Amino acid sequence: MTLSRWVGVWLMLLVGGTAIEVTSVSRAVRLAESLGDANAGALWADLPATLTTIYIGLTAAYLPFLLLGVPGRLNQSRARRTATTDHDGIVRGVWNLAVSDDRGGPLFDVPRFSAISTVLAATSEGIQLASGVFNLIAKAQFSWDSVDDITVVHLAKRPRVIAGPGIAIRLREFDEPLVFSVVVGSFPWFAIGSLRFTEETASSLRARSDAARDR
């Protein structure tokens with residue numbers, strides 16, 4: 001979903017909230033007038049304050065969704081700056097690392113990654129996973145020599161896992177593969193990428209791996 005669509009949804013929520021509240025007040029005024037209340041019109045005086053509360057509440061509830069992917073986006077920029085000497089470097093935001101946390105997985109015993117700020121950087125040396133809200137901290141890295149296979153898989157929903165396409169990298173030292181989903185490269189920055197985007201990323205990783213092996 002693009003930024004303009006997210007803003008459009010936010011505006012629709014505001015318009016909808018306004019319509020509901022105006023309708024509610026209008027009905028209350030008509031009811032009061034039918035009962036002979038001389039101060040029925042005063043009910044409209046509270047409308048601006050009520051609408052302001054509604055606008056603030058809706059915006060406060062909606063804003064976290066808009067900002068959810070910002071730490072990951074900033075970390076992608078940081079990762080690219082540190083890999084400027086490698087023109088074939090690949091940087092992606094990644095989610096769904098929980099699958100690799102299990103015993104036998106490559107992230108077992110590795111400090112927990114931040115779900116909204118983790119990035120993968122693939123360079124000529126190998127693959128590195130890093131995360132951190134304020135600073136990008138490398139937590140796991142694997143050389144291309146340890147990579148046996150890179151495939152596209154479908155991840156089923158489970159605790160801390162969002163269903164959708166993912167990438168599985170089989171590593172020689174581990175019983176279970178490194179599994180993750182790539183995050184879209186455009187706003188909203190936290191949505192799981194499409195199958196096509198995931199396949200393109202996997203293909204780029206395989207090309208990077210093959211190039212490293214041919215050196």
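Report the dimensions of the chain along its three principal axes from the alpha-carbon atoms, largest first, rounded to Å.
89, 35, 30
Separation of region 189-215 and region 8-70 by C-alpha centroid, Å?
48
Averaged per residue, what accessible area in Å² does region 139-215 show with a 1.4 Å probe, protein chains only? Spell out each step's value before the answer.
Working: 4040 Å² over 77 residues.
I get 52 Å² per residue for region 139-215.
Which residue, chosen from Trp144, Val29, Leu171, occupies the Cα position most advanced towards the positive end of the dipole of the chain, where the dipole is computed from +1 (Lys, Arg) and -1 (Asp, Glu) charges on Cβ about the Cα centre?
Val29
Would you compute, from DSSP H runs of 4+ residues alone, the mean residue ellipticity of the chain at 222 nm, taking -39500 (n - 2.57) per run and dividing by the full residue count, rounded to the nearest 500?
My calculation for the chain gives -13500 deg cm²/dmol from helical runs alone.
Could you give log10 I(q)/I(0) at q = 0.14, 0.15, 0.20 Å⁻¹ for region 91-192, computed by the Debye formula over C-alpha point scatterers of equal weight, without solvent?
These q points yield log10 I(q)/I(0) values of -0.49, -0.57, -1.06.
Dipole magnitude of the chain about its Cα centre, charges +1 at Lys/Arg Cβ and -1 at Asp/Glu Cβ only, in debye to the nearest 20?
Details: 21 positive and 20 negative charges, 38 e Å.
So the magnitude is around 180 debye.
With every protein chain left in place, what is the accessible area of Thr50 in Å² (1.4 Å probe, nearest 10)?
Taking all protein chains as shown, Thr50 has close to 50 Å².
The values are calculated or read from the model by the stated rules, or taken from the named source; none is laboratory data. Everything quoted here is computed from the prediction, not taken from an experiment. Cβ atoms come from the backbone with ideal geometry, glycine included; neighbour counts cover every protein chain shown. These area figures cover heavy atoms from the full protein model, side chains too; ligands, DNA and RNA do not enter into them. Shrake-Rupley method; radii C 1.70, N 1.55, O 1.52, S 1.80 Å.
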